[in-house]
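Taking it in order: structure first as structure tokens, then the write-up.
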Amino acid sequence: LLVARKGDFCLAVKAGDNDDSHNHNDTGSFTVYRDGEPLFVDIGVETYQKKTFSPRRYEIWTMQSQYHNLPTFYETADGSGDGIMQQAGPQYRAKDTVCRMEPDVTRIRMDLADAYPDERIRAYERTVTLENGRLTVEDRADCRPLVPVLSLITSRMPVWEEETGMLVLGGDTPEAVSVQVTGAASVQVERLPITDARLQTAWKQDLWRTQVVFAGDLLK
């Protein structure tokens, strides 16, 4: 687990595997706060129930990789149908993890292919870099014929500006943050209603999921 604070940003990135205590299938996911405010988030866990501590644990949506800042892989070009998500267990893990922490730059790189149960996912390299007040996430995939679709979970409503390739978090509010997205074939935004009492203690408003369909093998 990498945690870095530089300038306005606080960044956390998980490597490791999906065999943690109270595990979520979220190897490779990241969270970002800016000026103490959440931007890219981890949803958390709903009120505990029997299913939470049973073999059906990963039927709970907040435990699934498709509701973290991670890719899901599809057979169809538009990302429809059932997707291939991460699975639980020590064998579902990041590999070739390299971390660099210096005064001017923090970087972590890992391959997430083994976190998914499909040999067609030959490589999925994620590099997260925090340097000179700029945060960059770069994903490279080798998984054809599968199509990777990246989920981004945000606390602010995202507005996709196709002409500029900008994902604007917070719309036209003074606190809006613009995120440059390159390598996207299409982008869809959906609201994630927060109705569970336990989640409502952390989130006073609904959250959002942006799904970005890769246009090629590189998304940044």
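Selection of the stretch 142-187 for residues being in a strand (DSSP E or B), without any contact (Cβ under 8 Å) to a residue 60 or more places away in the chain and polar (S, T, N, Q) yields Ser178, Gln180.
Considering the stretch 189-212, the residues that are open to solvent by 50 Å² or more (accessible area, probe 1.4 Å) and within 20 Å of the chain's Cα centre (by Cα) include one that is nearest to Thr47 (Cα to Cα), namely Ala202.
Annotation: of all residues in the stretch 108-136 being among the charged types (D, E, K, R) and within 16 Å of the chain's Cα centre (by Cα), the one that is farthest from Leu70 (Cα to Cα) is Arg109. Taken together, the residues in the stretch 80-107 that are under 15 Å from Pro145 (Cβ atoms) and within 16 Å of the chain's Cα centre (by Cα) amount to 2.
Specify the residue that is farthest from Ala141 (Cα to Cα); the eligible residues are those in the stretch 93-103 that are part of a strand (DSSP E or B) and not basic (Lys, Arg). Ranking the qualifying residues of the stretch 93-103, first place goes to Met101.
Yes/no per residue for (1) open to solvent by 30 Å² or more (accessible area, probe 1.4 Å); (2) outside any loop (DSSP other than H, G, I, E, B):
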position: Thr72; (1), (2): no, yes
position: Asp82; (1), (2): yes, no
position: Gln91; (1), (2): yes, yes
position: Arg107; (1), (2): yes, yes
position: Arg120; (1), (2): yes, no
position: Arg126; (1), (2): no, yes
position: Leu135; (1), (2): yes, yes
position: Arg140; (1), (2): yes, yes
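Summed over the stretch 123-158, residues that are over 24 Å from Glu190 (Cβ atoms) and in contact with a helix residue (DSSP H, G or I) (Cβ under 7 Å, 6 or more places away or on another chain) total 1. The set of residues in the stretch 161-173 being surrounded by 18 or more Cβ atoms within 10 Å (Cβ to Cβ) and either modelled with pLDDT of 95 or more or not small (Gly, Ala, Ser) (or both) consists of Leu167, Val168, Leu169. Of all residues in the stretch 188-220, those that are over 16 Å from Val149 (Cα atoms), assigned to a strand (DSSP E or B) and in contact with a Pro (Cβ under 9 Å, 6 or more places away or on another chain) total 1. Taking the stretch 101-119 as the range and being out of contact with any Gly (no Cβ under 8 Å at 6 or more places or on another chain) and either modelled with pLDDT under 95 or within 15 Å of Phe30 (Cα to Cα) (or both) as the test, the residues that pass are Met101, Glu102, Pro103, Asp104, Val105, Thr106, Arg107, Ile108, Arg109, Asp111. Among the residues of the stretch 1-19, count how many are closer than 20 Å to Lys95 by Cα and in contact with a Lys or Arg (Cβ under 9 Å, 6 or more places away or on another chain). Final tally of qualifying residues: 8. Within the stretch 174-188, the residues that satisfy the criterion of being open to solvent by less than 60 Å² (accessible area, probe 1.4 Å) and among the β-branched types (Val, Ile, Thr) are Val177, Val179, Val181, Val187.
The values are calculated or read from the model by the stated rules, or taken from the named source; none is laboratory data. Remember, it's a predicted structure, so these values are computed and weren't measured experimentally. Reconstructed Cβ throughout: ideal geometry from the backbone, glycine too, with neighbour counts over all protein chains shown. In case anyone asks, the SASA skips ligands and DNA or RNA and just uses the protein heavy atoms, side chains included. Shrake-Rupley method; radii C 1.70, N 1.55, O 1.52, S 1.80 Å.
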